[in-house]
Structures are given as C-alpha cells and as structure tokens.
Amino acid sequence: MNLLRTKSVEQSIRDTEEPAHRLRRALSALDLTVFGVGVIIGTGIFVLTGQVARDKAGPAVALSFILAAVVCGLAALCYAEFASTVPVAGSAYTFSYATIGEFPAWIIGWDLILEMALGAAVVSVGWSGYFASLLDDIGVTIPESLAAPPGEGGTVNVPAIALVVVVTALLVLGVKISSRVNAVVVAIKVSIVLLVIFAGLFFVKAANYEPFIPPSKPAPEGSGLTAPLMQELFGFTPANFGWLGIFAAIAIVFFAYIGFDIVATAAEEARRPQRDVPIGLIGSLVITAVLYAAVSTVVAGMQNYTKLSTEAPLADAFKAAGHPVFATFIDVGAVIGLTSVVLILLLGQSRIFFAMGRDGLMPPWLSAVHPRFGTPYRSTILMGTVVAVLAGFIPLAKLAELVNIGTLFAFLVVSIAVMVLRRTRPDLPRAFRTPWVPAVPVLSVLGCLFVMINLPVDTWLRFLAWMVIGIVVYGFYGYRHSRVGRAEPASIKS
C-alpha cells in the first residue's frame, strides 16, 4: 500500500489540457489581487478590531494585525513559488500531491474542505445579522426565527441561505462574471474602509492611546478543553495586554486574513499564472495588512479601548463620536463586503473538489466542466448546497475556530513542501522563488505552530476527529479510485 505515491508536476499540468476538465483562463493579476482583497477584508475588520483591542491588546491592536500578517506573509511566499511552478487548481492539495505524496495531499484537501466550507457558512451567518439590522433600520423586520440559526434564537436562517444560493449561481455562470461582481463589491468595501480611516482621523484623541501597550495582567485561565493547548502542554499562564497579550491576540486576528491562499486555487484560470498568481497573493496581503493596521489604529484613537464594541466597533465608534450617519455607511459596507468573502470562499472550495475529482480521489463527476460557462458547475452546486445547509440550520459558534486551525495546517504543509520540492526537483522552472530558503519556510512553520498552540484544546480535538473521518473516506474510496494508483504499474511511479 503506497500512501506516498506522487503525481508529477508534468502530469498535473497535462491534466489541465484535457478537454473535459479544462477551465477557462480569464483572470489577470488585477483580478486575482481583487479576489484576495475581497476575501480578506470582512469579519476581521468589521468585528475583530473591537474584540481584540478591548480584551487582549489595547490600542496596540495594530501590532497584532501586523504580526499576523507576517505569519501569513511567510506562507504567502511559499505559496507563490508553488503556484508559479505548478499552475494547477487545488492550491495546497495539488502542491502536496506533487511533493509529499497522495495521502498527505488527501489530508490537506480534506482539511481545505473544512476550512472553506465552514468559513463561508460562518461569514454567511454574520452577513445575515448585518442584513437584518439594516432592514430593521428602514422599518422592515425579519422575524428572529427566520434570521438566526438554531441555538441562537432561530429556526432557519433564511437570509444566509439566500445569499449562498445567489453567490453559487454567480459562480456557475462564469469566473469572469464572478470577478466583475467581486470587483464592484471590493471597490465599495475598500471605499468604506478608507472612509473610516480618513473621517475617523478627525475624531482621534491622543489620550485614548495612553498607554499604547497597557500593563500585562493574567487572563482568566481556561480549564480542560477550553484552555489553550499551550497552557495544557507547558503550564503557560496566558495574559491579556502587554506584549504577551499582543502575541495572544494573533491567534484571534489571524481569522482576519483567512482566505488569501484562495488566490492560489484559481491558478489554473489565470492568464499568466507564473506572473499573476504571485502578484495576487502577495499584493492582496500587503494591501489588507496596511488597511487593517490603519483602521485599528484610528478606531482605538476614536474611543477608549475599554469602551469599544465587540459587535460593530467601527460603526459604534462613530456613533459615540456623535456621527451616526457614518455608522449607517459602515453597516452597508459590511453587508456588501461580506458578500464577496462568501463568493471567494465558495470559489476556492469548488476548485479543491474539482481537482480532487479529476485525480479520482473524489467521484469524477465533480470535475465536470460546464460546456458553455467553463466552470466546475457540479462541484460548485454541491458546495453551495452544503454551505447553505450549514449556514441555515447548524449552530456554528463553537466551530468557527476550526477555520483557523485548518488554514494554519495547510500553511504549515505548503511551507514544508517548498523545501521538499527544492531538493527533489531542482530542475523545475520557477518563475517565482521563495527567498532565503530554508529560513523563510522554517520561520513560516514555526509561526504557524505558535498560532496553532494558542487555540483551545477542544478545537484540536474537533480537528483531529475531522481528520480521522477523512482517513476513513480515503481508505474506502480515494486510495482505490486514484488515477495515479491505477496508472502506477504502467508509467507513473512515486
């Protein structure tokens, strides 16, 4: 039983030319950068700023955002090399298949299913809350039973389901149409963010920055399953504020950058992937890191960090300053902005299924491409259905942290895989090369591990349970139906 059989880079690229599985190359570097900005600017900027500043980092919350961006940036450099070398749909799944082996690739693919499906569902539920609030402002009230998930006062979350259905239809109609809609949405979203930055400067009070890094104090210790893994492993006492609080906040604000790696899943649909994908990955991360740092700094200066809202910190800061009109604009921006996050997460998820179906690790019908629209319509519709059910009927509050750990695990594997491919295939042409190898990949691995051990024990247990389910599915289906496995005796050896 060969669990580490690999699919060569050359075979991966040849598969993209098969007529039945050929995606349409329609995306430019600008499209990919806009995709990245669209998926990153969302819950992090509209919600997490207040929560992290009030409870963890104080006015120094911008430092947590910057440090989280550094961790993502190290991984982005590794992703960029792979995406320019193996310009194939599937992102970390495809990269792992070409370097580490089929079973690790399956684990990564299974992990990405969890990350993107849960991420899209969680953001859809957040969008529903903003949407219901806006309707309420104009006198239209949606009954709570129809606008909240079970366990949170509702029976079925109709707005969240409707959003997922509309976004799924857009993705089926074509990636270029989706990118155009996303470009308009991102333009509105970035305009709102810039409004917060420049309008908020007029209401900043220097006294709110004192002290910029509040004195450290012990955090309420979790116990058992709710405690951070670091505390259980090393007896480390967590702290709020001070430098320890800034570092602890990274595990929370990391969610703000979830999804930038989706740019790599669209490599097969880029016009010039060797050039466009690295630009999209690194460009979107730099832009959003600057915006996050600026917004969090301004908001912390508008209102004392101890008084910041944890539900809508940007809007409530303007209300506290006596300017509720700005707050309304921000709420509108949040509704529009979160739409693009759901769209791009679903795009990335459908491409993972598409790649796994083409390789035989998932049912092959998932890799069918629509003859007119040139999109993997079956995998898109399947994932849209799954996410709609999750968003509409399943309480997700306890599962959101699984998105973080799933993403970090993918980053970690890609960072390792870059070093493996440099050693096993030094001959491959690389349009983009990760600088300072092995230092950058090693730092990326260490950064990911540091953030991961700051997550609660119960998150780790849920993640391991999902991985066990994935191993069972691979054993009963993936291993037996793998195209690489079937071709192994003839020509494709690990």
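Starting from the Kirkwood Rh over alpha-carbon pairs, what translational D in µm² s⁻¹ does segment 249-339 have by Stokes-Einstein at 4 °C and 1.567 mPa s?
Working: Rh = 15.4 Å.
Roughly 84 µm²/s, to the nearest whole number.
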Legend entry - Relative frequency of Cα-Cα separations exceeding 21 Å in segment 50-179, percent: 65 percent
Inset, instruction - Report the calculated FRET efficiency for Thr328 and Val286 (r = Cβ-Cβ distance, R0 = 30 Å), to the nearest 0.05. - result: 0.50
Inset, instruction - Mind listing the long-range amide H neighbours of Ala239? Cut-off is under 5 Å, sequence gap 5 or more, other chains count too, H placed in the peptide plane at 1.01 Å from N. - result: Ala219
Legend entry - Å² per residue, accessible surface of the chain at 1.4 Å: 38 Å²
Inset, instruction - With a point put 7 Å past each Cα toward its Cβ, work out how far Thr306 is from Trp436 in nm, to one decimal. - result: 4.0 nm
Legend entry - Gain in span if fully extended, Trp365 to Trp243, counting 0.36 nm per residue against the direct Cα distance: 38.8 nm
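On a full-extension model of 0.36 nm per residue, what is the gain between Leu194 and Thr424, subtracting their alpha-carbon distance, rounded to one decimal in nm?
Details: separation 230, 0.36 × 230 = 82.80 nm, distance 4.60 nm.
Gain in length upon complete extension: 78.2 nm.
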Legend entry - Stretch in the chain that is longest and holds no trypsin sites (Lys or Arg not before Pro) that DSSP places in a loop and that have at most 12 other beta carbons within 10 Å: 1-204
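At 30 angstrom or more along the helix axis (alpha-carbon based) and mean Kyte-Doolittle of 0.5 or higher, what helices does the chain contain? Whole DSSP H runs only.
Those that pass (Cα extent of 30 Å or more, hydropathy at least 0.5) are 61-85, 102-137, 175-200, 273-302, 324-358, 401-424.
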Legend entry - Whole-percent carbon and sulfur share, accessible surface of the chain, 1.4 Å: 70 percent
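The values are calculated or read from the model by the stated rules, or taken from the named source; none is laboratory data. None of these values were measured; they are calculated from a predicted model. Because the Cβ atoms are built from the backbone with ideal geometry, glycine has one as well, and the counts that use them run over all protein chains shown. Accessible surface is based on the protein model in full, side chains and every heavy atom, while ligands, DNA and RNA are left aside. Shrake-Rupley method; radii C 1.70, N 1.55, O 1.52, S 1.80 Å.
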